[in-house]
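Accompanying notes for the structure given below.
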Amino acid sequence: MTTPVLTEQMRRKNWAMACANVAAWIVALARRNAMLWGSPGKSKTASMQAFAKAQGMEFLLLIGSNMAPEDVGGIPHVLTAEQFFRAMPPFWAERLSRPGVVVGCDEFTCTPPSVRAPLQTMFSDRRIGQMDIHPDNILLAAANPPKWAPNASPMEKAMANRFVHFDFIHNYEAWKKGMSSERDEWGKVWIPSMPGDWRRFVPKWGDLINSYLDKNSNDRDQPPPESDDENAYPTPRSWHVLRDCLAAAEAVGAPGMVESALCHGAIGKVVGANFLRFKATLDLMDPEEVLSGKKQFRFDSLRPDLASAMLVSLVSALKSNFTTDRLDVASEVFCIDIGKHAADLAFTQLRHLVNTRPEGSPIPPKSLKIISEFGKNVPPEVRNRGKS
C-alpha cells in the first residue's frame, strides 16, 4: 500500500508541473462554466482544445461573433399533426446530446447581445432549443476585454454570473517547445484527474459557506453597479458554483493558490478574500490526532461546519492510510460523536467511510456493530434522502 509520505511527495511533484490555468480546468472538470479572459493571441482557444484532448474528448468550437440567435436558440418547427411547434436546435447541437464533448465558445465579447441571450440559456440551463445537453459534456468560454475586440461590448451582469472568471496565463515554456518543433508539438502540462467520489467533499464546503454567510449576510447577494467592470460577484448561484468548485479542488489535492483563484473568480476579489480569511481562522481539528486517540471530537450544535469538515477529513485520512483500528475509531466519531447529534450529516457520508477499506475486505466486527446500531436509529426520511 502506498504510504502517506509517498502520496504527498507525488502530489507536490504533480502540482509543480500543473498547467498555469489549472483552476479553470478544475471548474470544467466539476462541470461548471469557466470563462478565460485575455488579450488577443495568447492561445486561449488552443488551450481549450488541448484540455479537451487531455480528457480524451472531442472539441467543438463555436465562434459567437459569427452566429445568429437561431443558431443557438433554434428555429420553430411546426408539427401540424399535433398542432403546435417545437424549437428545432441547430445541426451541431445534436452532438451535444451525447457524451464526450468539450465546447469552446470563443469571442464572447464580440458576440451580439441578441446571440448572448440564447447562449445564456445554454450555459445556465444546459439546453439548446428544446434539447438537453448531456451532463458529461463540458462548456467553456473565452473572450478578449471589449477594448481589444472589434464590435465588442461588456458582458451583461446576468451573463457574467453564469461563469467563474479567470485571467488566462500563457504558458511560455510549453510555447517555447512548440516553437522549436518542426510539427508544432507544444509542451505538455499536467492536469489532474477528477476522482469519481469527488462530490463527497461538497457537504463540507457547503457547511463552511453557510457558516460564513450566517455571519456575513451582506455577502450573500451583492450585485455590482452596472458601471462596474467586475464580472465575478456573490449571488446564491455563484456561491453554489463555488461550493462545487472548492469540493473538486480538494478532491484533487489542489494547493491554496487554486482555492484563491476559484474564490476570486466566482464571487469577486473582495468577498472571495473575506471568505478565505474566514476559512483560515477556523479551528479545524487534525483528523490524525483524532484517529490516534490524542484528541476527541466534540460536536458543537452551533458549528455544524466543523463536524462536516471532520467527516470528510477522516475519510481522506483513511484513504491515505487504512487500518482496521483507524476505521473503528472513525466509525465511533461518525456514528456516536457526530451521529447521535446530526444523524443526517453522518449518514450521508457513511458510505464513503465504509468504502475506504481495501476492495473485497469485510467491515471489521467493531465497526460493523457501531454502524449497525447507528443504522437502527436513523429516521426513515434521512435514510431515503441518502439513497437519492
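Okay, here's what the table says:
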read-out: Complete set of residues in region 186-227 that are of a type in the set (Ser, Thr, Tyr) and surrounded by 15 or more Cβ atoms within 10 Å (Cβ to Cβ); value: SER211, TYR212
read-out: Cβ pairs under 6 Å, 6+ apart, first in region 194-222 and at positive phi, second assigned to a loop (DSSP other than H, G, I, E, B) and surrounded by 15 or more Cβ atoms within 10 Å (Cβ to Cβ); value: none
read-out: Residues that are within 22 Å of VAL27 (Cα to Cα) and not assigned by TED's automatic domain parsing to the domain that holds PRO112, drawn from region 147-195; value: LYS188, VAL189, TRP190, ILE191, PRO192, SER193, MET194, PRO195
read-out: Those residues of region 30-76 which are farther than 20 Å from ALA117 by Cβ and part of a strand (DSSP E or B), in sequence order; value: ALA34, LEU36, TRP37, GLU58, PHE59, LEU60, LEU61
read-out: In region 30-41, the residues that are surrounded by 18 or more Cβ atoms within 10 Å (Cβ to Cβ) and either charged (D, E, K, R) or within 25 Å of VAL202 (Cα to Cα) (or both); value: ALA30, ARG32, ASN33, ALA34, MET35, LEU36
read-out: Odd one out for PHE85, checked against (1) over 27 Å from VAL27 (Cα atoms); (2) of a type in the set (Phe, Trp, Tyr); (3) part of a helix (DSSP H, G or I); value: (3)
read-out: Positions within region 99-130 being among the small types (Gly, Ala, Ser) and surrounded by fewer than 19 Cβ atoms within 10 Å (Cβ to Cβ), in sequence order; value: GLY100, SER114, ALA117, SER124
read-out: Test: residue in region 100-117 that is free of Cβ contacts under 8 Å to residues at least 40 places away in the same chain, part of a helix (DSSP H, G or I) and not polar (S, T, N, Q); value: no
read-out: Residues that are touching a helix residue (DSSP H, G or I) at 6+ places or on another chain (Cβ under 8 Å) and of a type in the set (Asp, Glu), drawn from region 299-358; value: ASP300, ASP305, ASP328, GLU332, ASP344
read-out: Top-ranked residue in region 286-327 [being of a type in the set (Ser, Thr, Tyr) and part of a helix (DSSP H, G or I); ranked as surrounded by the fewest Cβ atoms within 10 Å (Cβ to Cβ)]; value: THR324
read-out: Criterion violated by GLU230 - all others in (1) touching a Gly at 6+ places or on another chain (Cβ under 8 Å); (2) surrounded by fewer than 15 Cβ atoms within 10 Å (Cβ to Cβ); (3) not assigned by TED's automatic domain parsing to the domain that holds LYS269 satisfied; value: (3)
read-out: Hey, ASN355 loosely packed, with under 14 Cβ neighbours inside 10 Å, on the phi < 0 side of the Ramachandran plot, touching an Asp or Glu at 6+ places or on another chain (Cβ under 8 Å) and not hydroxyl-bearing (Ser, Thr, Tyr) or not; value: yes
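To keep it simple, each residue is scored yes or no on (1) farther than 25 Å from ASN144 by Cα; (2) at pLDDT below 95.
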site	(1), (2)
PRO203	yes, yes
ASP207	yes, yes
SER211	yes, yes
ASN218	yes, yes
PRO224	no, yes
SER227	no, yes
PRO234	no, no
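The values are calculated or read from the model by the stated rules, or taken from the named source; none is laboratory data. None of the values given here were measured: they were computed from a predicted structure. Counting neighbours? That spans all protein chains shown, and the Cβs are built from the backbone with ideal geometry, glycine included.
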